[in-house]
Each structure stands twice: as structure tokens, then as C-alpha cells.
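In what follows, a single structure is set out as C-alpha cells and then discussed.
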Amino acid sequence: MGNGRGLIIGTAVVLVGLAAAVAFITREQPLPALRQGGTLTVASAMSGSTEGYARAEAPRAFQFPEDHGPHPAFRTEWWYWTGNLETEDGHAFGYQFTLFRNALAPEAAPRDSAWGARQVYMGHFTVTDVKGGTFHASERFSRVALGLSGATARPFKVWLEDWEATSVGESTWPMRLRARTDEVALELLLEPGKSPVLHGDRGLSQKSAERGNASYYYSMTRMPSRGTVEVDGRTYTVKGESWMDREWSTSALGADQVGWDWFSLQLSDGSELMYYQLRHRDGTPDAFSSGLWVPPEGGGEPVHLNRDDMRLTVLDSWKSPRSGGEYPSRWRMQVEKLGLDLTVTPRLADQELPVTVVYWEGSVGLEGARQGRPVTGRGYVELTGYADAQGPRRREAQARGAPDVAATQERP
């Protein structure tokens, strides 16, 4: 989810707010086993001074393709792609490719040094090999200097060294994604598919009661995708569908919010569902949780969802052997006004990213019904805040006999 996602955010989401120490280095982060809670919490990653930055305070007119490009007046933004891909013989993969821009100080006069920078980019790249049962994750940082990272709108390009998303020709589409590590590589061509959809109030996605704790947020929910995935030296020709989330903001989470559960689901009837549930410190869902259902082509206008529209029940859980975080791992999602009843299941239990801010994001499958008709589908889920310092405190509270209010995340 973006700022709040996603989510939000956004996701993923999601997770920029790096310490100034990383602003002046370029590195790819190895992913060893981390101690409980990682190095930053989601809440701390999304906090900080707002002075000198623009705020998301009112709806604005979106313009494309310009808004695919950067918004440097805001402190944080991200370009988020997730997708599910298959070979002709059914070998399934999931992927996440995210590039985050985070300002270390408001834009001002140029720095004297060519190495000087007021912005840093962070990248997350994952591949889920569903058949092989493996999950590959990597993280990378770089400053905006000497061409190491950056973004442009015309032509569209956002990059972090050789990780990039870029227009192939003079127009925005098709868009090419490229990323590579020692273990895996991805190269995809993405077509736009459905038109962009705006979340919240005409694209203003409010995350808490404070004015300005919001993001500008849109998605492209079903992008035809084709290309190659490489795993451990073997290259697979794949095709499938991707989801693109775009968010930018300066502040998002409120004081009592610690994370979110974000869902992006593509249903077999041609519709899509996005929902993010913001969580309080005690595990209860926040009133600013929100979502959007996108109908099949020609099926009318998108339907906005609030917390009271969604009945979200956790059916299972998974505990990370690295971080100790305990994540929900299977869900029932019910939206009465849409006649929607879905069961969402991870395609691989362990899709945790042991990165600077530890979170879970991975490929999921779904089955259920809409308006009494069977549907299947696939998508992505992002879970943040479960491996933070709040995790141990929650378990200590449970040991003292306190109720586990986050175990069902279901309202009466």
C-alpha cells in the first residue's frame, strides 16, 4: 500500500525513512538472519519532520503521464510493481519490484560536491518460485548523485543503478522492468491494461485524522506482462499480469498506528480488489482503513470501501524463524455490498523480506464467489509491523492473559 500502503502500502509499503548514514553510500544489502525486529520499525520509518515539504491535504488533478514521474516537493514516494507470472507449462512465479525515493532534506540550492545529495533511493526486489518453493529477496540503496539513481517523467524512467523501470520508446508504454542479483533476474514488458484508478477522495488517501497525514495514491490494477525470469542460472519465458501502485506524501501514519495489511487481488471475473487495513498498537483495525473494487471492463465505476464494508478474518498464521514475527497467513474477506466472499492463501508461507524494515510481502491465490458465482484469482499481500518491537510486547501481554485482539481482526 502506499503511504499507509501499500500499502500505504503500499506498500508496500512503504518503508522509506532511511537514516542519514545511508545517504552517502551505494550498496546492495545482503540478507542474513536478522535479530528480532530488524533495524527500523514501520512507524519510525514513516515518521520525521514535515517542515519544508509539501503535504497531501486536498484532492488534486492527476495528469498522465506526468504523474508517473517524480514529485520532489514531497518527502517520500514509491513506484511499486507486483505480479504473478507463468511459463507455458505452468511453472509459476511471483515478483515484487519497488523503488522508493526519500528526501533527507527539502530541496534547496545545489550541493557544491558532485557527490552531495538530499535524496536517497532504496530498492526491494523479490522473486517467489512457487514450484521450487523458494523466495529470493534483495535490498539496495543509492544517493541521487552522479547518475546513480533518480527519476524522470518524460521520458519515463526511474532507476537505482542497473535496477530500472523505463519507457521502451517515445511514449510511456510499453514499460520495461529490469532487475538482477546473483541469484535471480527479471526482465518484463508491461502494457497499461486498465486505466489508472484513484484511491480515497479523488486520489487523496487519508491515513489518519491529522490534516496532511495522507498520500496521493493511484493504481494500475491489471497490466499484461511478458518477459523472462531467471532463477539460479535457469531462464524461464513467462507471461502474466502485474499491478502498479504509485504514492507520494510527506506524512502518513498516526501516533497509534503501527502497520497495515494490504491486499491487491485480481479476480477471474475481470475485477480487482484493493484493501488496506491499518492497525493500532493493540492490533485493532483503524477507522481510516480503506479499499477499492474495480469492476470488469465496461462494468461501471469503481466502488470505494471503508472499514465497515470489509469483514476480514484471519484463518491461519506463520511465524518467521528469522525475525520471530508472527504473521497472519490465510484470510477470509467478505464484502456484503459486493456479494463478495473470498479465501486468500499465500502460495508460499515464507515470503518475509529480512531487510532494513522487516515485512512480509508475497504472492497469494484466492477462491470464493461474487454474487453467488465462483471466482478464483491471484494477487499480492503486504504485512507490516508484525516483526517490529510491538511484536514482543504483544506476546508479553498475551502471556499475562491479555486478549489477542489481532488474532481475528474481525469486527462484531
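The values are calculated or read from the model by the stated rules, or taken from the named source; none is laboratory data. Note that this is a predicted model, so its numbers are computed, not measured. Note that each Cβ is placed from the backbone with ideal geometry, even for glycine, and that neighbours are counted across all protein chains shown.
Screening Phe97, Phe62 for residues that are in contact with a Leu (Cβ under 8 Å, 6 or more places away or on another chain), assigned to a loop (DSSP other than H, G, I, E, B) and modelled with pLDDT of 95 or more leaves exactly one candidate, Phe62. Filtering the range 259-285 to residues that are out of contact with any Phe, Trp or Tyr (no Cβ under 9 Å at 6 or more places or on another chain) and assigned to a strand (DSSP E or B) leaves Leu267, His280, Pro285.
Among the residues examined, Tyr380 qualifies as at pLDDT 95 or above, closer than 26 Å to Gly200 by Cα, part of a strand (DSSP E or B) and of a type in the set (Ser, Thr, Tyr). For Asn84, the test of being in a strand (DSSP E or B), over 20 Å from Phe135 (Cβ atoms) and modelled with pLDDT of 85 or more is failed.
Ser323 meets the conditions (1) of a type in the set (Ser, Thr, Tyr); (2) assigned to a strand (DSSP E or B); (3) farther than 24 Å from Lys207 by Cα in every case but one. The failed one is (2). Scan the range 172-204 for residues that are closer than 22 Å to Pro155 by Cα, of a type in the set (Gly, Ala, Ser) and assigned to a strand (DSSP E or B) and the total you get is 1. Here Thr345 does not fit the description of being closer than 24 Å to Leu292 by Cβ, surrounded by 20 or more Cβ atoms within 10 Å (Cβ to Cβ) and under 21 Å from the mean Cα position of the chain (by Cα). Of the residues making up the range 75-110, just one is among the small types (Gly, Ala, Ser), under 16 Å from Tyr53 (Cα atoms) and either touching a Pro at 6+ places or on another chain (Cβ under 9 Å) or crowded, with 21+ Cβ neighbours inside 10 Å (or both), namely Ala103.
Residue count for the range 354-373 satisfying the condition of being modelled with pLDDT of 95 or more and more than 15 Å from Asp261 (Cα to Cα): 9.
Can you confirm whether the range 185-205 contains a residue that is among the polar types (S, T, N, Q), farther than 30 Å from Tyr53 by Cα and either modelled with pLDDT of 95 or more or buried (at least 23 other Cβ atoms within 10 Å of the Cβ) (or both)? No, the range 185-205 contains no residue that is among the polar types (S, T, N, Q), farther than 30 Å from Tyr53 by Cα and either modelled with pLDDT of 95 or more or buried (at least 23 other Cβ atoms within 10 Å of the Cβ) (or both).
In the set (1) in contact with a Ser or Thr (Cβ under 9 Å, 6 or more places away or on another chain); (2) at negative phi; (3) small (Gly, Ala, Ser); (4) modelled with pLDDT of 95 or more, the condition left unmet by Ala387 is number (4).
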